[in-house]
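**Q** Take a look at this one; I'll ask things after.
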Amino acid sequence: KGKRAFIAGVADDNGYGWAIAKSLAAAGAEILVGTWVPALNIFESSLRRGKFDESRVLPDGSLMEITKVYPLDAVFDNPEDVPEEIKTNKRYAGSSNWTVQEAAECVKNDFGSIDILVHSLANGPEVVKPLLETSRKGYLAAISASSYSYVSLLKHFLPIINPGGSSISLTYIASERIIPGYGGGMSSAKAALESDTRVLAFEAGRRKGIRVNTISAGPLRSRAAKAIGFIDMMIDYSSANAPLEKELSADEVGNTAAFLASPLASAITGGVIYVDNGLNAMGVGV
Ligand code: NAI
């Protein structure tokens, strides 16, 4: 039988989440996505109006189907966590059941179970500030949206992940090497995400035999990356210095996610898998 995937962090057709959805769909998986509440209306209406149809084409010529789009805000675990100003915000008031716990419950009610959980989201409100200028609030917000969001997602979805299932997140090498410009505590958040990948691999592995890995991806001109401001420079730097001189395509990350979610990767867990044209292996620029 086909597998079912829930991909958190898809709001357009430019990011890694979309590419992962496509690779999983091409491999026969049913696709559910979680979309950030403020981006939900535009994403759903663009889907409906056919704006993404060109990007939906799979290798066999068919169009990727997204079975259901769930509203999600991964910085809130349950309704008690949601402050009044968010509850009454007009971008949120039109949607319901978008905390992590509620989204997991909705998926359970609709489909019973999933096989693949993907976390492809991050947010750091002070990402353009150097760490030395980052406020406590900004730093904690980066960790909340980019790291704890994954702990929470896995915690709430684990009960409905089928045996043999697996989970994948996206990280960036700024966690372990200095990347000036990736600020606001985002480098710290990725370091936490990678460490948590190991601990969660142990806990989810022992509890349910579920595998947990993270893909350390090279630079992609996504919406989130454009907000950081240095993405074109990072892409040029990679082309100039990586072992493979080509530009990285989101599909290459999508295909790695499909591999990691498949039985071909049945002994791979707790890993940071680089999909970056090999840039991580360089010691100096050339
Ligand atoms: P993207 O903009 O396609 O994806 C980020 C998504 O996170 C957006 O859809 C946004 O709506 C969503 N989001 C933000 N806050 C949220 C919240 N509180 N709840 C739910 N959703 C929320 O951009 P991209 O770059 O594809 O990002 C996906 C992942 O890939 C992120 O973890 C990012 O750090 C990682 N990554 C990106 C790289 C790049 O160069 N673009 C390089 C390495 C890792």
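The values are calculated or read from the model by the stated rules, or taken from the named source; none is laboratory data. Bear in mind that the values here come from a model prediction, so they are computed numbers and not experimental data. Using ideal geometry, Cβ is built from the backbone for each residue, glycine included, and neighbour counts are taken over all protein chains shown. Surface areas here come from the heavy atoms of the whole protein model, side chains and all, with no ligands, DNA or RNA. Shrake-Rupley method; radii C 1.70, N 1.55, O 1.52, S 1.80 Å.
**Q** Write out, first by first residue and then by second, each pair whose Cβ atoms fall under 6 Å of each other, whose residues are 6+ apart or on separate chains, and whose first residue, in segment 89-108, is more than 9 Å from P71 (Cα to Cα) and modelled with pLDDT of 95 or more while the second is loosely packed, with under 14 Cβ neighbours inside 10 Å and not small (G, A, S).
**A** So the pair list comes out as Q101/N78.
**Q** Select from segment 162-188 the residues that are away from the ligand (no atom under 11 Å from the Cβ) and in a strand (DSSP E or B) and write down the one among them that is nearest to the chain's Cα centre (by Cα).
**A** S167
**Q** For I114, state whether it is out of contact with any Pro (no Cβ under 6 Å at 6 or more places or on another chain) and within 24 Å of V199 (Cα to Cα).
**A** yes
**Q** For segment 157-173, name all the residues that are under 18 Å from F230 (Cβ atoms) and open to solvent by less than 10 Å² (accessible area, probe 1.4 Å).
**A** T171
Residues are listed down the side, and each one gets a yes or a no for (1) modelled with pLDDT under 95; (2) touching a Leu at 6+ places or on another chain (Cβ under 9 Å); (3) not in a helix (DSSP H, G or I):
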residue	(1), (2), (3)
L117	no, yes, yes
L121	no, yes, yes
K137	no, no, no
A141	no, no, no
S146	no, yes, no
Y150	no, yes, no
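**Q** Determine if segment 216-228 includes at least one residue that is hydroxyl-bearing (S, T, Y) and in a helix (DSSP H, G or I).
**A** Looking only at segment 216-228, we keep the residues that are hydroxyl-bearing (S, T, Y), and these are 216, 222.
Retained after the next criterion (residues that are in a helix (DSSP H, G or I)): none.
Among the residues of segment 216-228, not one is hydroxyl-bearing (S, T, Y) and in a helix (DSSP H, G or I), which makes the answer no.
**Q** Suppose we filter segment 82-112 for residues that are out of contact with any helix residue (DSSP H, G or I) (no Cβ under 9 Å at 6 or more places or on another chain) and either under 23 Å from L158 (Cα atoms) or of a type in the set (S, T, Y) (or both); how many remain?
**A** Residues of segment 82-112 out of contact with any helix residue (DSSP H, G or I) (no Cβ under 9 Å at 6 or more places or on another chain): 83-85, 88, 90, 106, 109-110.
In the following step, the residues that additionally are either under 23 Å from L158 (Cα atoms) or of a type in the set (S, T, Y) (or both) were identified as 88, 106, 109-110.
Final tally of qualifying residues: 4.
Residue-wise test of (1) without any contact (Cβ under 8 Å) to a residue 24 or more places away in the chain; (2) within 15 Å of the ligand (Cβ to nearest atom); (3) part of a strand (DSSP E or B).
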site: F6; (1), (2), (3): no, yes, yes
site: V10; (1), (2), (3): no, yes, no
site: D13; (1), (2), (3): no, yes, no
site: W18; (1), (2), (3): no, yes, no
site: G34; (1), (2), (3): no, yes, yes
site: L40; (1), (2), (3): no, yes, no
site: F43; (1), (2), (3): no, yes, no
site: L47; (1), (2), (3): yes, yes, no
site: F52; (1), (2), (3): no, yes, no
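**Q** Which ones in segment 54-66 are open to solvent by less than 70 Å² (accessible area, probe 1.4 Å) and touching a residue at least 12 places away in the same chain (Cβ under 8 Å)?
**A** Across segment 54-66, the qualifying residues are S55, R56, L58, M64, I66.
**Q** Could you tell me whether segment 13-26 includes any residue that is open to solvent by 30 Å² or more (accessible area, probe 1.4 Å), in contact with a Phe, Trp or Tyr (Cβ under 8 Å, 6 or more places away or on another chain) and within 25 Å of A258 (Cα to Cα)?
**A** Among the residues of segment 13-26, at least one is open to solvent by 30 Å² or more (accessible area, probe 1.4 Å), in contact with a Phe, Trp or Tyr (Cβ under 8 Å, 6 or more places away or on another chain) and within 25 Å of A258 (Cα to Cα), which makes the answer yes.
**Q** For the condition within 13 Å of the ligand (Cβ to nearest atom) and open to solvent by 60 Å² or more (accessible area, probe 1.4 Å), what is the one hit in R221, R198, R206? Steps first, please.
**A** Numbers: R198 fails: within 13 Å of the ligand (Cβ to nearest atom); R206 fails: within 13 Å of the ligand (Cβ to nearest atom).
The conditions single out R221.
**Q** Quick one: which residue in K129, K155 is free of Cβ contacts under 8 Å to residues at least 60 places away in the same chain and part of a helix (DSSP H, G or I)? Walk me through it before giving the result.
**A** Details: K129 fails: part of a helix (DSSP H, G or I).
None of the other options fit; the residue is K155.
**Q** So how many residues does segment 88-129 have that are among the polar types (S, T, N, Q) and closer than 28 Å to L220 by Cβ?
**A** Residues meeting the conditions: 3.
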